[in-house]
Structure formats: C-alpha cells, structure tokens
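Student: Before I ask anything, here is the structure I am working with.
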Amino acid sequence: MNNSIIQLLASEKLNGDNYSAWKSNLSTILVVDDLRFVLIEECPQAPASNANRTIREAYDRWAKANEKARIYILASMSDVFAKKHEYLATAKEIIDSLREMFGQTSWSLRHETIKHIYTKRIKEGTSVREHVLDMMMYFNIAEVNGGLIDEANQVSFILQSLSKSFIPFETNASLNKIEFNITILLNELQ
C-alpha cells in the first residue's frame, strides 16, 4: 500500500456516522487501484486443472483484486465493523452488508451523486485538475450505484461546471467542433 492510500484509509474510518464520506473515499481508492470491478463483476468460476491460461488468469486477477479490495475495506473501518465483516468472502458482500446496515440504498446514493454532479461548480482559484478529478470520482460513484453516465455526457457536465473564465475555451471548442474525451479535456484545461 502506498502512503496516499494509507492516508485516505486512515482519514475517514467508518465509525457509523460517516458512511457517505467513507464510501466516497473508498470508491476513490478502488478506482485509483483499478479494483472497483470486483464490486460489479461476479467472480469467474474457479478454473479446472486443465483450463487454458486465459481462464486461469481472469480468475486469478479477480481473486487478487477482491482480496486487495477486502483488505482496503476492512482496514478503513473501526475495529467493531471490521470484526463483524471479516468473515465475508468478497468485497461486494461487505459493501452490500454495510449498505443494509446504514439504510442507504443504491438508488439514494445514485440520486445524491447525480444531484451533486448537476450542481457542482468550480470555485475560483481552485485547481482545474483537482476539480475534474473530483467530478470523475462522482461519475464513478454514480456508476457503482447503477447510474452510468457515458463519456460524452461526463465531458458536458465538466464543461458546464467550469467558471466564466473558461468561456473562451468552451467557445473555441464549440466553434471548432472539437470533441474531447475526459483525458484530453483534462490535459487541455490545464
């Protein structure tokens, strides 16, 4: 675990009163470490001894990612919650159990996240890079909770959230019919 992940895990340990903030931090960590897929994809079947390498590698990748995600999740909880959930085999089972405990349904999280995306505006003096990365985190939270927003709409939401100082940039992109993906948009805005 690198230091930034350790700091994020320690900064917002789940204690029962901070579920939303905790889940947001955890989602960021899982996205950064490319582990979020274990919350969405089912575990592939354990390969037979004579299975081809591709099948074995897919299973091994999912199993390793699941174990790493489980460790991150358990390490980011108070001892009481970690002890209660350590017997669960998958990261998804832990997240589902916590969602039931705290009564926050996927619909509710999705609704709050999408509302945040619609109303998010960059604050003057804020780093545009940090703003875009923050927006990307909310797109991921929405997706984890069933609110898939395609990349073209993500770009539109980011452009809409910019301050008036970015009007020349937006006008130029519009007049020249420039289409961005998020990576190119982030690089161009910086």
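Student: Determine ³J(HN,Hα), in whole Hz, for all residues of region 130-135 in sequence, where each value follows from phi through the Karplus function 6.51 cos²θ - 1.76 cosθ + 1.60 and θ = phi - 60°; x replaces Gly and Pro.
Tutor: 5, 4, 5, 4, 5, 4
Student: Ok, one more. Leaving out same-chain residues fewer than 8 places away, which aspartates and glutamates sit with a Cα under 15 Å from that of Lys83?
Tutor: Within reach: Glu93.
Student: Given +1 on the Cβ of Lys and Arg, -1 on the Cβ of Asp and Glu, and no further charges, what dipole in debye does region 77-135 carry about its Cα centre, rounded to the nearest 20?
Tutor: It works out to roughly 240 debye.
Student: Here's something else I'd like to know. To the nearest 20 debye, what charge dipole does the chain have about its Cα centre, counting +1 at the Cβ of each Lys and Arg and -1 at the Cβ of each Asp and Glu?
Tutor: In total the dipole reaches around 140 debye.
Student: In whole percent, what relative contact order does the chain give with Cα contacts below 8 Å and a gap of six or more residues?
Tutor: 19
Student: Also, quick follow-up: Kindly provide the pair-distance distribution of region 106-189 built from C-alpha pairs, with 5 Å bins from 0 and whole-percent values in order of increasing distance.
Tutor: In order of increasing distance, the bins hold 3, 14, 26, 25, 17, 10, 4, 1 percent.
Student: Whole number please: convex hull volume per residue, Cα atoms of the chain, in Å³.
Tutor: Cα-based convex hull of the chain, divided per residue, equals 149 Å³.
Student: Shifting gears a bit: Once amide H atoms are built 1.01 Å from N in the peptide plane, which residues 5 or more positions from Met77, or in another chain, come under 5 Å H to H?
Tutor: Residues meeting the criterion, in which the H sits 1.01 Å from N, are Leu14.
Student: To continue, here is another question. Nearest 20 debye, what's the magnitude of the dipole of region 106-189 about its Cα centre given +1 on Lys and Arg Cβ and -1 on Asp and Glu Cβ?
Tutor: That gives region 106-189 a dipole magnitude of about 260 debye.
Student: So, counting K/R as plus one and D/E as minus one, what does the shell of residues with Cβ under 15 Å around Asn176 add up to? List each step's numbers first, then the result.
Tutor: Working: positive: Lys177; negative: Glu170, Glu179, Glu188.
Once all neighbours under 15 Å are counted, the net charge is -2.
Student: Shifting gears a bit: Build a GNM of the chain with springs between Cα atoms under 10 Å: which of Phe81, Phe37, Phe169 gets the top mean-square fluctuation?
Tutor: Phe169
Student: Which value, in nm² and rounded to one decimal, describes the direction-averaged projected area of the C-alpha convex hull of region 3-102?
Tutor: Approximately 6.8 nm², given one-decimal rounding.
Student: Related question: What number, rounded to the nearest 500 deg cm²/dmol, is the helix-based mean residue ellipticity at 222 nm of the chain, given -39500 (n - 2.57) per DSSP H run of at least four residues and division by all its residues?
Tutor: Dividing the helical sum by the residues of the chain leaves -20000 deg cm²/dmol.
Student: Which of Ile94, Leu159, Leu14 sits farthest toward the positive end of the charge dipole of the chain, with +1 on the Cβ of Lys and Arg and -1 on the Cβ of Asp and Glu?
Tutor: Of the candidates, Leu14 comes out farthest on the positive side.
Student: Filter the GluC sites (Glu not before Pro) in region 38-68 down to the DSSP loop ones having no more than 14 other Cβ atoms within 10 Å, then list what survives.
Tutor: Glu41, Glu42
Values quoted throughout were computed directly from the atomic coordinates according to the rules given, and no laboratory measurement underlies them. Treat the numbers as computed from the prediction; the structure is a model and nothing was measured. Using ideal geometry, Cβ is built from the backbone for each residue, glycine included, and neighbour counts are taken over all protein chains shown.
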